[in-house]
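Participant: Below is one structure. I have some questions about it.
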Amino acid sequence: MRVLLHGAYRGFAGGARDVTLDAATLREALAALVSAHPSLAERLRDEHGRLRAHLSLFVNQEDARFLGGEDATLADGDIVHVLPALSGG
Amino acid sequence: MAKQVVLLVGTKKGLYTLRSDADRKKWAVDGPHEAPAPIHHATYDPRDGSMYAAINATWGGSRIDYSRDMGKTWQKSKNPAFPEGSDRTFFQTWHVEPGHTKTPNVVWAGTEPAALWKSEDRGETWELNQALDDQPSRAKWVPGFGGMGLHSIAIDADDPKKMQVGISVGGVYTSTDGGASWVQDNAQTGGKEDRPDVFYCIHKLLAHPKVSGVRFMRVHVDVYWREPGETKWRNRTEGLPSTFGFAAAMHPRDRSVAYVIPLDDMKRTASPPGIGVYSTNDRGATWTRNDKGLPPGAALESVREGMDTDLLDPLGVYFGTANGDVWASRDEGKSWERAAQYLPYVTSVHAATID
């Protein structure tokens with residue numbers, strides 16, 4: 001599966017845009033993403049491990065909040081989008 | 001080497017720098033850094049030439065950036081982080097305060113939620129001041145209109161163990177042991193006693209950089225002065241056109257001089273209409289309006305970190321406004337020239353005097 005980084009998150013990952021990794025759930029995908037790009041750790045989660053505000057996660061074309069959040073299951077060929085949430089109007 | 005002045009100007013959309021020589025007539029504007037992040041405060045540390053900026057970003061969390069090369073490049077510190085099990089999460093930084101010259105690697109930060117943080121490695125990592133966090137009175141802190149933040153860190157001129165912090169809305173706490181313990185420090189004299197809640201809404205608390213024990217405090221309502229040895233805040237509002245305001249500064253050499261920008265309590269813009277800087281040369285006993293060069297009648301405002309001074313003689317005084325202006329005085333606040341315009345909403349101005 002692939003993770004596509006958008007907007008500010010590309011900068012947080014040193015310019016990376018497209019990361020290929022193995023994961024069965026969204027939680028595993030984020031952990032693998034942070035392993036590949038440790039600078040994303042504090043950008044994705046606060047000091048208590050909670051996903052930050054103004055972060056949107058989509059699996060293919062669906063908002064992950066409606067797929068079980070971090071428990072959302074992933075399959076080969078899925079694309080996870082890491083997006084700066086629409087903010088400010 | 002000739003001195004220069006660098007203004008670190010925080011705005012609601014990034015950090016700008018304004019640079020001038022000692023004449024302070026022309027300013028070169030550079031920026032923004034880290035737009036669109038709001039910058040609540042940025043400061044220069046004269047001990048080693050570092051700069052610090054509170055980058056309060058929407059995406060990816062807020063950070064405190066530091067620069068070791070006069071703002072050419074910036075690095076990101078390890079975030080302030082509340083301990084595991086805390087019910088609070090670091091949201092944003094309101095103020096960064098370089099420590100005393102006797103503690104060369106120490107830098108302090110105040111944040112929202114209101115907490116005090118200490119760095120012992122020149123701003124690279126931050127540790128929560130547990131003693132302040134453990135104050136039972138913390139349960140009574142409440143957010144002001146702008147949030148609940150610790151924004152003032154006043155370190156004594158002679159003794160780095162003597163310091164105060166100001167919290168909105170939580171009042172003043174004093175430590176005499178470098179932050180190992182704290183006591184509430186809200187006794188006042190000469191002020192109105194009918195709104196104790198308002199007195200706890202500290203807007204800016206300053207320690208004189210040269211004279212031990214001298215403090216100046218801008219509160220939601222009224223301004224206060226404290227002389228060495230005093231234990232109460234002496235009300236010094238008489239002579240100002242309103243009781244409300246945010247921006248405040250002290251003269252770095254003359255221990256009797258301070259500056260404020262009064263605002264209307266309800267409109268939150270200059271009162272009377274047309275912004276003016278009010279100065280005292282007698283520790284707040286009397287105040288003088290200074291508006292030569294400022295736009296008559298303009299509904300401007302300057303916020304909490306909006307005013308500062310340089311260290312030159314005659315003194316340079318600077319303030320920023322919500323409409324994106326930066327104003328500069330080269331004659332101790334008597335007259336004013338616009339140093340920059342059309343910036344985003346200015347949230348902070350810090351003047352660095354550099355050899």
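Participant: Per residue of the range B:151-157, in order, report the coupling 6.51 cos²θ - 1.76 cosθ + 1.60 (Karplus, θ = phi - 60°) as ³J(HN,Hα) in whole Hz, putting x for Gly and Pro.
Facilitator: Computed from phi, the couplings for the range B:151-157 are 10, 10, 10, 10, 9, 5, 5 Hz.
Participant: What FRET efficiency do you get for B:Leu311 and A:Arg17 if R0 is 51 Å and r is their Cβ-Cβ distance, rounded to the nearest 0.05? Please report the intermediate quantities before stating the final value.
Facilitator: Values: r = 47 Å, r/R0 = 0.92.
E(calc), rounded to 0.05, equals 0.60.
Participant: Once amide H atoms are placed 1.01 Å from N in the peptide plane, what residues at a sequence separation of 5 or more from B:Gly171, or on another chain, have their amide H within under 5 Å of its amide H?
Facilitator: When sequence neighbours closer than 5 places are left aside, the close amide H contacts are B:Ile202.
Participant: Taking 7 Å along the Cα-to-C-beta vector as the label spot, tell me the A:Ala53-B:Asp291 distance in nanometres, rounded to one decimal.
Facilitator: Distance between the two pseudo-spin positions: 3.8 nm.
Participant: How big is the gap, in Å, between the Cα center of the range B:31-101 and the Cα center of the range A:1-36?
Facilitator: 26
Participant: Scan chain A and report its longest stretch carrying no trypsin sites (Lys or Arg not before Pro) that are both in a DSSP loop and have at most 13 other Cβ atoms within 10 Å. All intermediate terms of the calculation are to be shown ahead of the outcome.
Facilitator: Working: sites that count: A:Arg17, A:Arg50.
Excluding the exposed sites themselves, the longest stretch runs over A:51-89.
Participant: Also, quick follow-up: Is any residue of the range A:22-47 close enough, with backbone N under 15 Å, to a label point placed 7 angstrom from the Cα of A:Arg2 along the Cα-Cβ axis, and if so, which?
Facilitator: A:22
Participant: Let's see if you can work this out: charge +1 on each Lys and Arg Cβ, -1 on each Asp and Glu Cβ, no other charges. What is the dipole magnitude of the range A:2-84 about its Cα centre, in debye to the nearest 20? Show your work: numbers first, answer last.
Facilitator: Values: 9 positive and 12 negative charges, 67 e Å.
Result for the range A:2-84 is approximately 320 debye, rounded to the nearest 20.
Participant: Further, regarding this structure: For chain B, set up a Gaussian network in which alpha carbons nearer than 10 Å are linked by springs, and say which option among B:Pro38, B:Pro113, B:Pro314 fluctuates the most.
Facilitator: B:Pro314
Participant: Taking beta carbons within 10 Å but only from partner chains, what does the mean come to for residues A:46-52?
Facilitator: For peptide A:46-52, the averaged partner shielding equals 5.
Participant: Assign one of three labels to chain B, namely rounded, prolate or oblate, based on the Cα gyration tensor with a ≥ b ≥ c the square roots of its eigenvalues; rounded applies when a/c is under 1.5, prolate when it is not and a/b is larger than b/c, and oblate otherwise.
Facilitator: Working: a/c = 1.38, a/b = 1.07, b/c = 1.29.
Rounded, since a/c falls under 1.5.
Participant: Okay, moving on. Under the rule of at least 5 residues apart or a separate chain, name every residue whose amide H is placed under 5 Å from the amide H of B:Thr321.
Facilitator: Distant-sequence amide H within range of B:Thr321: B:Val346.
Participant: Something else about it: Compute the distance in nm between two label points, each set 7 Å from the Cα along the Cα-to-Cβ direction, one at B:Asp21 and one at A:Glu62.
Facilitator: For the pair B:Asp21/A:Glu62, the computed spacing is 6.7 nm.
Participant: Further, regarding this structure: Which one, B:Gly191, B:Leu15, B:Leu315, projects farthest toward the positive side of the charge dipole computed for chain B from Cβ point charges (K/R +1, D/E -1)?
Facilitator: B:Leu315
Participant: Still on this structure: What nm distance separates the two modelled labels at B:Arg68 and B:Lys334, each placed 7 Å from Cα along Cα→Cβ?
Facilitator: Rounded to a tenth, the inter-label distance reads 4.4 nm.
Participant: Across chain B, where is the longest run that never hits chymotrypsin sites (Phe, Trp or Tyr not before Pro) in a DSSP loop with at most 15 other C-beta atoms within 10 Å? Mind showing how you got there, number by number?
Facilitator: On the way: sites that count: B:Phe145, B:Tyr342.
So the longest stretch without any such site is B:146-341.
Participant: Still on this structure, please answer the following. Across the range B:270-287, in residue order, what do the Karplus-derived ³J(HN,Hα) couplings come to in whole Hz, using 6.51 cos²θ - 1.76 cosθ + 1.60 with θ = phi - 60° and x for Gly and Pro?
Facilitator: In residue order, the calculated couplings are 3, 10, x, x, x, 5, x, 9, 9, 10, 10, 10, 9, 6, x, 5, 9, 10 Hz.
Values quoted throughout were computed directly from the atomic coordinates according to the rules given, and no laboratory measurement underlies them. Just so it is clear, the model here is predicted, and its values are computed rather than measured. So basically every Cβ, Gly included, is an ideal-geometry build from the backbone, and we count neighbours across all protein chains shown.
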